[in-house]
1. Quick check on residue 41: is it of a type in the set (D, E, K, R) and surrounded by fewer than 16 Cβ atoms within 10 Å (Cβ to Cβ)?
2. Looking at the stretch 62-72 only, could you name the residues that are part of a strand (DSSP E or B) and in contact with a Leu (Cβ under 8 Å, 6 or more places away or on another chain)?
3. Going by the structure shown, is residue 54 closer than 19 Å to residue 15 by Cβ, without any contact (Cβ under 8 Å) to a residue 40 or more places away in the chain and aliphatic (A, V, I, L, M)?
4. Could you please give the count of residues in the stretch 47-61 that are exposed (fewer than 14 other Cβ atoms within 10 Å of the Cβ), within 17 Å of the chain's Cα centre (by Cα) and in a loop (DSSP other than H, G, I, E, B)?
5. Would you pick out the residues in the stretch 48-80 that are β-branched (Val, Ile, Thr) and farther than 19 Å from residue 101 by Cβ?
6. Quick check: is even one residue across the stretch 35-46 among the hydrophobic types (A, V, I, L, M, F, W, C), modelled with pLDDT of 85 or more and not in a loop (DSSP other than H, G, I, E, B)?
Amino acid sequence: MAEKRTVPRKNFSFYMRVLNDDTGEILGHMVEVSAIGLRLETVGPLPTNKDFYMRVELTPDLGNMPYIVFIARSKWCKIDHIQPNLFHVGFELIEIMPEDKEIFLRIMAKFGS
């Protein structure tokens, strides 16, 4: 399958969980990030083409707010071939406030490798 991405991704070297902002439920944790999206590792499959209201809790060195929120759309979901109890889910950022986007990019710069 041909690669469709036009923005480089970075592996994520820090355990940062991502929550459903509506329910407080943990969706998963970031394993890759780019300026326009992210990939989560989850313990169950998530539906594709669904918008999720996400919240990422911040450490004090990332911003003066306790968390950022944004809307991301799930694009694909695949089972992990090494650990079949885990799933990888790709998301595209749909809506994020400019000040939250700055922090999101700071997260990518600090923890992306």
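1. Against the criterion (of a type in the set (D, E, K, R) and surrounded by fewer than 16 Cβ atoms within 10 Å (Cβ to Cβ)), residue 41 does not qualify.
2. 67, 68, 70, 71, 72 - these are the residues of the stretch 62-72 that are part of a strand (DSSP E or B) and in contact with a Leu (Cβ under 8 Å, 6 or more places away or on another chain).
3. For residue 54, the condition - closer than 19 Å to residue 15 by Cβ, without any contact (Cβ under 8 Å) to a residue 40 or more places away in the chain and aliphatic (A, V, I, L, M) - is met.
4. 5
5. Matches in the stretch 48-80: 48, 79.
6. Yes: one or more hits.
The values are calculated or read from the model by the stated rules, or taken from the named source; none is laboratory data. Because the structure is a prediction, the values reported are computed rather than measured. Cβ atoms come from the backbone with ideal geometry, glycine included; neighbour counts cover every protein chain shown.
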